[in-house]
1. Roughly how many debye, to the nearest 20, is the charge dipole of the chain about its Cα centre, given +1 on each Lys and Arg Cβ, -1 on each Asp and Glu Cβ, and no other charges?
2. Peptides 23-34, 2-13: what's the order by average Cβ count within 10 Å, highest mean first?
3. How large is the accessible surface per residue of the chain, computed with a 1.4 Å probe and reported in Å² as a whole number?
4. Counting pairs of alpha carbon atoms under 8 Å apart in space and at least six apart in sequence, what relative contact order in percent does the chain give?
5. If I compute solvent accessible area with a 1.4 Å probe over the protein chains, what percent of it on the range 3-58 is carbon and sulfur?
6. Name the shape class, rounded, prolate or oblate, that the alpha-carbon gyration tensor gives for the range 3-58, where a ≥ b ≥ c are the square roots of its eigenvalues, rounded holds for a/c under 1.5, and otherwise prolate holds if a/b is larger than b/c and oblate otherwise.
7. Compute the distance in nm between two label points, each set 7 Å from the Cα along the Cα-to-Cβ direction, one at Val71 and one at Leu53.
Amino acid sequence: MPGLYVLSSWEALPLKSSTVKACANGYSLSITAHLVYTNPHDEPVEGIFIYPLEESEVVAGFEAVVGSRRVTFQLQNRHRAQDCC
């Protein structure tokens, strides 16, 4: 199941709100999702975001914001990513 999980316990964090936009262009589909999760715990938790993909699906970019921290990933070249990872 897609979502944000507490890494130590695999407990799913509650999804507070979501907005999803999709754009189809030929065989390509672009999806932008704005997901807001809440932490019901008193202390900060380490989380892992899980979004399962089918074999033919590819993530070209991903951005996450936690507090004031922003993490961005953008795939520029598939061959470079294969060499790196």
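1. Approximately 380 debye in magnitude.
2. Details: 23-34: 9.0, 2-13: 13.6.
Put in order of decreasing packing, that is 2-13, 23-34.
3. 91 Å²
4. Over the chain, the number comes to 26 percent.
5. 53 percent
6. The shape class here is oblate.
7. Between Val71 and Leu53, the label points sit 1.6 nm apart.
The values are calculated or read from the model by the stated rules, or taken from the named source; none is laboratory data. Quantities reported herein were computed from a predicted structural model and do not represent experimental measurements. Reconstructed Cβ throughout: ideal geometry from the backbone, glycine too, with neighbour counts over all protein chains shown. The accessibility values were calculated without ligands, DNA or RNA, using every heavy atom of the protein model including side chains. Shrake-Rupley method; radii C 1.70, N 1.55, O 1.52, S 1.80 Å.
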